[in-house]
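None of the figures in this text is laboratory data; all of them are computed from the coordinates on show. Please read all numbers here as calculations on a predicted model, not as lab measurements. Counting neighbours? That spans all protein chains shown, and the Cβs are built from the backbone with ideal geometry, glycine included.
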Amino acid sequence: MRGHCILSHGFESGPDATKVTALSAVAERHGWTHERPDYTDLDARLEVSRVGDVPARLQRLLELARDASSRGPVLLAGSSLGAWISARVSLEVPVAGLFLLAPPVRMAPAPDMDVAHGVPVSIVHGWNDELIDAAQVVDWSRARQARLLLVDDGHRLASSVGDCADAFDALLASLR
């Protein structure tokens, strides 16, 4: 299977971030097209919330995913807030898979992270994540039988970009 990957960066990051850049190279090797939306304008809207305009971010990804799904399989990938919006969009748009980095499974006052039933989910999370407790991610993953790679790293997964790329490669390979 080949399709289109939408790679969503985290809050206080951007579309040229190291992790989404590494994932785009993996997608290309597998013959998937890809895009990296820019949410920095929405993240700057701190008058909306401490993490910017999350509803507008969600709407932007939803529109991109709907458009892409009309052309074939879509895989959503995201880091942190990008993971949360990717998971939420999977509830409204059919996706071939989800790849979530440092996902905030609980992000009050927003609803807890959820994904569409039956969608393959692969997660990379840091044992030492200073923002999202690894135990919460383990419990969330277990309940959904998601693939989970725990690495010796913090929230940004800065030392684990290669591990993230390898896990993404494995997910794309499994979708053939």
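Summary table below
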{"read-out": "Residues of the stretch 21-51 satisfying the condition of being not polar (S, T, N, Q) and not in a loop (DSSP other than H, G, I, E, B)", "value": "Ala22, Leu23, Ala25, Val26, Ala27, Glu28, Arg29, His34, Glu35, Asp41, Leu42, Asp43"}
{"read-out": "Residue within the stretch 127-145 that is out of contact with any Leu (no Cβ under 9 Å at 6 or more places or on another chain), closer than 15 Å to Gly10 by Cβ and not acidic (Asp, Glu) present", "value": "yes"}
{"read-out": "Which listed residue is in a loop (DSSP other than H, G, I, E, B), in contact (Cβ under 8 Å) with a residue 24 or more places away in the chain and at negative phi, from Arg2, Arg88", "value": "Arg2"}
{"read-out": "Selection from the stretch 40-70 of residues that are within 13 Å of Ser86 (Cα to Cα) and not hydrophobic (A, V, I, L, M, F, W, C)", "value": "Pro55, Arg57, Gln59, Arg60, Glu63, Arg66"}
{"read-out": "Residues being in a helix (DSSP H, G or I) and small (Gly, Ala, Ser) - total across the stretch 154-176", "value": "6"}
{"read-out": "Flag if Ala158 is surrounded by fewer than 15 Cβ atoms within 10 Å (Cβ to Cβ) and closer than 13 Å to Leu101 by Cα", "value": "yes"}
{"read-out": "Conditions (1) closer than 25 Å to Asp16 by Cβ; (2) of a type in the set (Gly, Ala, Ser); (3) out of contact with any Gly (no Cβ under 6 Å at 6 or more places or on another chain); (4) surrounded by 20 or more Cβ atoms within 10 Å (Cβ to Cβ): number failed by Ser49", "value": "(4)"}
{"read-out": "Test: residue in the stretch 118-126 that is in a helix (DSSP H, G or I), surrounded by 23 or more Cβ atoms within 10 Å (Cβ to Cβ) and of a type in the set (Val, Ile, Thr)", "value": "no"}
{"read-out": "Matching entry among Ser24, Ser13 (being under 27 Å from Asp153 (Cα atoms), touching a residue at least 60 places away in the same chain (Cβ under 8 Å) and among the hydroxyl-bearing types (Ser, Thr, Tyr))", "value": "Ser13"}
{"read-out": "Leading residue by the ranking (nearest to Ala27 (Cα to Cα)) among those in the stretch 136-176 that are without any contact (Cβ under 8 Å) to a residue 60 or more places away in the chain and of a type in the set (Asp, Glu)", "value": "Asp166"}
{"read-out": "Flag if Leu131 is assigned to a loop (DSSP other than H, G, I, E, B) and aliphatic (A, V, I, L, M)", "value": "yes"}
{"read-out": "Asp133 vs. criteria in contact (Cβ under 8 Å) with a residue 24 or more places away in the chain, surrounded by 12 or more Cβ atoms within 10 Å (Cβ to Cβ) and over 18 Å from Ser86 (Cα atoms)", "value": "no"}
